[in-house]
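The values are calculated or read from the model by the stated rules, or taken from the named source; none is laboratory data. Computed from a predicted structure; not experimentally measured. A quick note on method: Cβ atoms are made from the backbone with ideal geometry, for glycine too, and the neighbour counts reach across all protein chains shown. Each accessible area value is taken on the protein alone, full model and side chains, heavy atoms only, with ligands, DNA and RNA left out. Shrake-Rupley method; radii C 1.70, N 1.55, O 1.52, S 1.80 Å.
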Amino acid sequence: MKHGLTLIWGVLLTSTSVLNAQEYWVYIGTYTSAKGSKGIYRARFDTTTGKFSEPELAAEVGSPSFLAVHPNQKFLYAVGETSGKGGGAVRAFAIDAKSGALTLINESTSGGAGPCHLVVDPQGRFLLVANYGGGSTALFRLREDGGLGDRLALLQHQGSGPNKGRQEGPHAHCTAFSPEGRFAFSVDLGIDQVKVFRIEASSGAVDDAAAADIRLPAGCGPRHITLSADGQYAYVNGELDSTVHTIRLDLAEGKHQVVQSLSTLPQPFKGNTTAECILSPDGKFVYVSNRGHNSIAVFRVRPDRTLEAVGHITGDIKIPRNFNIDPTGKWLLIASQDGDKVGVWSRDPLTGLAKETGHTIAVSRPVCIKFVPVSR
């Protein structure tokens, strides 16, 4: 009898674990306005059906356009894409994984105008922020309670690019860490570079001269970056010329090499800019969003890490900004900024392509999508 009860208890625990793994909180960063979005929204997402619950306001804050989740999934961070004294806002929230509620821990200023992206290092020690208007990168220490600690560095970028309308000066647009957290990256649209910094793990001291920056084709306007799991390759989308670039990284010697540049469009198309660049969870596909063409370009990662164009994901998409693949790899969620919705596409893991399901939720001016497992 005891053995039987133990077996039943084990089955119940397993069933509960599977159930929990099937549902995620989807947190959505937005641009706010008097008659539109009010801040960060949340919705429950079922990975079995690909359907959402109705979205709810999780935190009422100004223009939390981009979000980041701590590796322990207990904390969420948001920029406030504004220009105030000391820069825009950076906020830390505690996540209640049962209810999806967000509780503000504390906030700080980014040190530069228009913070538009942020990321937590793999060990959960530091937060890196890109200031688009300020053309700078800020590094914060994170406290044990998930709150923002001291701003350890504010690195001002220098230079310009050939596109005088968009590259009159530096414009940091995306941040990332190497897999082990020793190096930080800041993609700068204004100077056609990815700035590379070395970070001392214990003190958080930043050395911006210890590693060579990555130089991309002039005028491409690099926007976002995604790294391979081993940290040997990076993929960067060019916002201004609708391209994606494969970069062989050499962080030890600084001899980085752009080994490939491809168009994200099926044919010449005027009025397009790219926004997001992500790598699928299995590392087999790279995706880039096209604003104007209103599609997601799909590229297969070859054995030599270069890319091969596969096709485009289309449907009811209007100015796609950030998009994301759920942790199971089954679903692609696309934030249509001008369509005021987040839609769901069913993803084929063999081809990398995806079909529109018709499952959507209405959110005004959505920009960013992040997943956190539901806890019971």
Looking at the range 266-281, which of its residues are in a loop (DSSP other than H, G, I, E, B) and of a type outside the set (Gly, Ala, Ser)?
PRO266, GLN267, PRO268, PHE269, LYS270, ASN272, PRO281
Is at least one residue of the range 109-128 among the small types (Gly, Ala, Ser), touching a residue at least 40 places away in the same chain (Cβ under 8 Å) and closer than 22 Å to LEU227 by Cα?
yes
Between a residue in the range 183-207 that is at positive phi and modelled with pLDDT of 95 or more and any residue that is open to solvent by 50 Å² or more (accessible area, probe 1.4 Å) and of a type in the set (Lys, Arg), which pairs come within a Cβ distance under 8 Å, given they are 6 or more apart or on different chains?
ASP192/ARG215
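Here's the yes/no breakdown for (1) surrounded by 15 or more Cβ atoms within 10 Å (Cβ to Cβ); (2) touching an Asp or Glu at 6+ places or on another chain (Cβ under 6 Å); (3) at positive phi:
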position	(1), (2), (3)
ASP230	no, no, no
GLY238	yes, no, no
LEU251	yes, no, no
VAL258	yes, no, no
ASP316	no, no, no
ILE319	yes, yes, yes
ASP326	yes, no, no
Filter result for the condition that a residue is more than 20 Å from the chain's Cα centre (by Cα) and among the acidic types (Asp, Glu), over ASP150, ASP121, ASP192, ASP188
ASP150
All conditions in (1) open to solvent by 10 Å² or more (accessible area, probe 1.4 Å); (2) more than 18 Å from the chain's Cα centre (by Cα) are true of GLY135 except (1)
Residues that are at pLDDT 95 or above and among the basic types (Lys, Arg), drawn from the range 318-348:
LYS318, LYS330, LYS341, ARG347
Looking only at the range 298-321, count how many residues are touching a Phe, Trp or Tyr at 6+ places or on another chain (Cβ under 7 Å) and in a strand (DSSP E or B).
9
Against the definition (touching a Gly at 6+ places or on another chain (Cβ under 9 Å), over 23 Å from ASP338 (Cα atoms) and β-branched (Val, Ile, Thr)), how does VAL69 come out, yes or no?
no
Mind counting the residues in the range 317-375 that are closer than 22 Å to TYR31 by Cα and among the polar types (S, T, N, Q)?
6
Taking the condition of being under 17 Å from the mean Cα position of the chain (by Cα) and open to solvent by 10 Å² or more (accessible area, probe 1.4 Å), how many residues in the range 277-310 meet it?
6
Being hydroxyl-bearing (Ser, Thr, Tyr) and within 17 Å of ALA275 (Cα to Cα) is true for just one of THR306, THR314. Which residue is that?
THR314
